[in-house]
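Student: Take a look at this one; I'll ask things after.
FYI, it's all coordinate maths here, none of it is from the lab. Everything quoted here is computed from the prediction, not taken from an experiment. Cβ placement follows ideal geometry from the backbone for every residue including glycine, while neighbour counts extend to all protein chains displayed.
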């Protein structure tokens, strides 16, 4: 046992260089025993790289790591586990076709047998208030349940240091509270916790210390409970968060909706998907309708049905400006004025190896002649104008899509769709993984588009974002859509309840509620 | 210790150099092999790579053999760029030969002598349709039943070979042919006219070049071609854009089957002028190598087609001049592809000395 | 009646090389690697095995030679696909094309040669059973070994931790890597093991089943074995049964010819290939079913994000 006062973990001068970017630049970090320590930074600040260094998935170029006062070189995740360091990734390392017990077993070293592991899972789970059935195959679990399996797996290694990477992006507000209870219990038992996040309110509610990273460097170590949002923002991005001017929507509630969805039900397209049940919503010109919800509740399926990627909707269920588009394909919908910005940029919104100019051809076909031939110059010109107008940092229209940072690519894709002057713009996760500057620009553009008379539908897992830009808010849970509420009447608690399916409806049943309350 | 480090962007220079590096390394390995077999390596390489181009006659033979390779490979390039792995071009080639040859036989047997333009168009058109038909079986099974196009197209090669055997041993056997497994010789009106007099090189070579130009237009200037390639590079992006993956599947297989069938009909109506079991020489498989060495690009395919044709003829020459088995050329072809795939790594990765890790 | 027993015996014999190759490919695919080079590996191994059998007269050495040849080619494949991240389809095809040519080239010296006659093997005691004895117990030991391998493989995958790790790697190499497992080493070992089994299959073909060597001896069995893994939804016992089914279809053509059925021999020769197509179509139809059973990372390259 190390002498009292020895930090559990101490990093000194950690640096890591990748070919194009210096991910960590002489970063230092100190975590005491039993302390809950936040690592705050916007996307691209170097948080993930630093955690990978601690967890042994990546080797630093320079710097020293001390664990309980002893210098160590964490050579691999297995070594980290032996030392007592455990990590719960943002993107789970689970195997869908295996059971929870088998998944946990794979995360442990070989000493235990499978039945013993199943038993220990039940013990640990109940000790910390987590509900995990060891025999269920992971693909039948909701996202929140999968996270619990990950956490139990980490706990079974009796960690002295637990690292959690953005754990609440997949949880309802109520589930977040439950998680915090678990984490406080853990810390009280002596386990140190490193909590990676960019959500200021959560950090303030949970953590005693906070290290802030920006551009790979450490910009400060503070007690988050003593700081306000402005102070933390200043450390995180170098300035106060840009204020967004939110004017009242000029939408005419009596006008015919641009988009009208009625009784949209859709069976699962693949075994791991979500069934849609009787979805109904309207979007009018000049308003932004938001859809909140934890991932895995049918957003992907709804978006695919609206964009035309899934053309199976029943006739009459989706109407655009009065015409039935339920069975139309994506190109037809685009010609009718419906444009879509998908959640995945590389691979869906843009082809990674093609140039920005070529990528405009995915959704903008003005340069294609009636005979089907492409005129190269107008294509280049369009890409160049988008790059300029939306401040996309790229090597020109000929740059490959994958050479852009996440934020810049998102600006390009959003710009490409807005530039088409759509009647309806559907956007999924508009600012996920995007740096603060680009996020502000994108949100500003969406509001400007709304003011110009376009109808917008925004699906996002970031509640703060939806509160900021939406006029009305729906919640999607378990494949069902709630009625809408005006944003002025929305609170986090109410939205959280609705995320569990508990919204007022005629003949309401709460059967799905327990499952949705991840 | 060497290690590979990912490049920030793929190296254009390497993309062009890689096939040349592969050819050089293969030639080196070939020289080693010749030496191991007790033959003079320099003479071996000369026979394989230079003799085939020695003189007008020899060059015409190279271009003759390159013609079907180029045509088949162009179709395969369209297919592979769409990520549809048609491995059964050999079978589609055979069915094209059967269909085109069948039309030629019918014209011959019924004494119908048409103007060359007409009879050739008929024969070649039948070839295209025959190949497309064979490939459409693959498309249907993939479209309706989700069956792997790799395995189905391959199985159909074996079936196609049996079809050819059945026809030339059975109903299409030349009654005046002394019971040899071969059909009648086609009427002269169905023969492809020669390109260069007193050689076997026929206008099919020009058709191949024309096909290369059309393929380039399709791939790089047409929206359909763009859609096909997006489907191959990023299927989710293709769905997002509204490109039909079913449409892409049928188009890719239709084009590659049709081109392979065209090549088959050209071989039947060109140098062979009849159908025999020997029409199946593995050209459809050599064409796969041509596609990769040619970087799936029409210009590269023309060059690669000539190169592989040289190697095929080199194999025949090696057999007669050096007493080495003809199969040697297959060895070199396979080797070339393997080495090319390895050297292609350099396009995306750099070779570096191991980095020292500072103890933490 | 006795004819039926002999048909069963012939089916077991014909199915064995398919089963061995299929089991080898199954290990590959369970780890997420699609090896289209099976045909080439089998051919080279067939030549190697035949040559060794000619010179030593020993079946065991011949199988060992076949396994070594298969593993060697598989090692080259594995190096390219796993460490240099070359395209799995193209590399496997290249291997098959190379293997075809190389085996034809090297085998020129042994075409037409005959192996020494072998004493027929019988399971002592059981072989004397009426009917069953002829049907099941007069096979070459490798036939029984193959069945044991299938059972052993099932136990390996579903009862052992190493098997679980391999399945996990095939399911999600990224997750396995995040957990600290040596994904590339696991895949490479799977590829080697698979290559060895394909090699034994090839050697069995040239040394026991045929027994002779000609160019292209395998006649597409490597590809049929690939279809078998899908047909069996990647389960070893099911694959074994599927292999026997296909062996039966292959035997059927001879049976029909022997019965004097009035069908041209070429149509009968098409049977195994058409059967493969039909079976593939039927089993692949239910895309959801395949998706749940297929190793999710099959055919996809793995880039450790270092």
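Student: What is the fewest-to-most order of A:370, A:48 by other Cβ atoms lying within 10 Å of their Cβ?
Tutor: Lowest to highest Cβ neighbour count: A:370, A:48.
Student: Within the range A:408-437, whose backbone N sits under 19 Å from a point 7 Å along Cα→Cβ of residue A:255?
Tutor: Residues A:418-427 qualify, since their backbone N sits under 19 Å from the label point.
Student: Something else now. Give me the extension gain from residue C:254 to residue C:6: residue separation times 0.36 nm, minus the current Cα-Cα distance, reported in nm with one decimal.
Tutor: 88.0 nm
Student: Could you check the simple spin-label distance between residue B:54 and residue A:373, using points 7 Å along Cα→Cβ, in nm with one decimal?
Tutor: Distance between the two pseudo-spin positions: 4.6 nm.
Student: At what distance in nm do the modelled label points of residue B:7 and residue B:144 sit from each other, each positioned 7 Å from its Cα along Cα→Cβ?
Tutor: 4.6 nm
Student: Let me ask another. Below 8 Å between Cα atoms, with a sequence gap of 6+, how large is the relative contact order for chain B in percent?
Tutor: About 35 percent, as a whole number.
Student: Let me ask you something else. Sequence gap at least 6, Cα distance under 8 Å: using those rules, report the relative contact order of the range A:385-518 to the nearest whole percent.
Tutor: Computed over the range A:385-518, the figure is 15 percent.
Student: Determine, from the Cβ-Cβ distance of residue C:219 and residue A:268 and an R0 of 35 Å, the FRET efficiency 1/(1 + (r/R0)^6), rounded to the nearest 0.05.
Tutor: That gives a FRET efficiency of 0.25.
Student: Here's a follow-up. Using the Cα gyration tensor of the protein assembly as shown, with a ≥ b ≥ c the square roots of its eigenvalues, what is the shape: rounded (a/c below 1.5), prolate (a/b larger than b/c) or oblate (neither)?
Tutor: prolate
Student: If a paramagnetic tag sat 7 Å from the Cα of residue A:91 along the Cα-Cβ line, which residues of the range A:147-189 would have the backbone N under 16 Å from that point?
Tutor: Answer for the range A:147-189: A:165-167, A:169-170.
Student: I've got another one for you. Going by a ≥ b ≥ c, the root eigenvalues of the Cα gyration tensor, does chain C fall in the rounded group (a/c under 1.5), the prolate group (a/b larger than b/c) or the oblate group?
Tutor: Prolate, since a/c reaches 1.5 and a/b exceeds b/c.
Student: Using a 10 Å cut-off on Cβ atoms, rank the peptides B:272-280, B:113-121, A:304-312 from the highest mean neighbour count down.
Tutor: A:304-312, B:272-280, B:113-121
Student: Also: Once you put a point 7 Å from the Cα of residue A:208 and another 7 Å from the Cα of residue A:464, both along the Cβ direction, what distance in nm separates them?
Tutor: Here the answer is 2.5 nm between the modelled labels.
Student: Relative to the longest principal axis of the C-alpha atoms of chain A, give the angle of the C-alpha long axis of helix A:376-389, reported between 0 and 90° and rounded to the nearest 10°.
Tutor: Between helix and principal axis, roughly 60 degrees.
Student: Continuing with this model, one more query. Between the helical axis of A:436-451 and the dominant principal axis of chain A, each derived from Cα atoms, what acute angle in degrees is found, rounded to the nearest 10?
Tutor: 30 degrees
Student: When 1/r is averaged over all different Cα pairs and the result inverted, which Kirkwood radius in Å belongs to chain A?
Tutor: When all Cα pairs of chain A are included, the Kirkwood radius is 24.6 Å.
Student: Calculated FRET efficiency, residue A:174 and residue C:285, Cβ-Cβ r, R0 41 Å, to nearest 0.05?
Tutor: For R0 = 41 Å, the calculated efficiency reads 0.40.
Student: Order of C:61-72, C:241-252, A:484-495 by packing, highest average Cβ count within 10 Å first?
Tutor: Ranked from most to least packed, the peptides come out as C:61-72, C:241-252, A:484-495.
Student: So between residue A:116 and residue A:75, what do we pick up on full extension, going 0.36 nm a residue minus the alpha carbon distance?
Tutor: That pair, residue A:116 and residue A:75, stretches by 11.9 nm at full extension.
Student: Within the range B:245-277, list the residues whose amide N lies under 18 Å from a label point set 7 Å along Cα→Cβ of residue C:111.
Tutor: B:277
Student: If you line up the long axis of helix C:265-284 against the longest principal axis of chain C, both from Cα atoms, how many degrees apart are they, to the nearest 10?
Tutor: Its long axis makes an angle of about 30 degrees.
Student: For a quick check: sort C:213, B:216 by the number of other beta carbons within 10 angstrom, fewest at the front.
Tutor: So the ranking, lowest neighbour count to highest, is B:216, C:213.
Student: Order A:125-134, B:338-347, B:219-228, C:260-269 from most to least packed using the mean count of other Cβ atoms within 10 Å.
Tutor: Top of the packing list down: B:338-347, B:219-228, A:125-134, C:260-269.
Student: Sort C:41, A:51, A:87 by Cβ crowding within 10 Å, fewest neighbours at the top.
Tutor: If I rank by nearby Cβ atoms, fewest first, I get A:51, A:87, C:41.
Student: Between residue A:280 and residue A:493, what is the FRET efficiency for a Förster distance of 22 Å, r being their Cβ-Cβ separation, to the nearest 0.05?
Tutor: According to the calculation, E is roughly 0.35.
Student: Kirkwood hydrodynamic radius, the range A:341-421, all distinct C-alpha pairs: what's the number in Å?
Tutor: After inverting the pairwise mean of 1/r, the radius is 12.4 Å.
Student: Could you tell me which of rounded, prolate or oblate describes chain B, using a ≥ b ≥ c as the square roots of the eigenvalues of the alpha-carbon gyration tensor, with rounded for a/c under 1.5 and, failing that, prolate when a/b is larger than b/c and oblate otherwise?
Tutor: Here chain B falls in the oblate category.
Student: What percent does the relative contact order of chain A come to when contacts are Cα pairs within less than 8 Å and at least six residues apart?
Tutor: Dividing the mean separation by the residue count of chain A yields 14 percent.
Student: Using only C-alpha atoms and all pairs of different ones, pull out the Kirkwood radius for the range A:9-237 in Å with one decimal.
Tutor: About 18.0 Å for the range A:9-237.
Student: Based on DSSP H runs of at least 4 residues, each adding -39500 (n - 2.57), what is the mean residue ellipticity at 222 nm of the protein assembly as shown after dividing by all its residues, to the nearest 500 deg cm²/dmol?
Tutor: Roughly -17000 deg cm²/dmol at 222 nm, from the helical runs in the protein assembly as shown.
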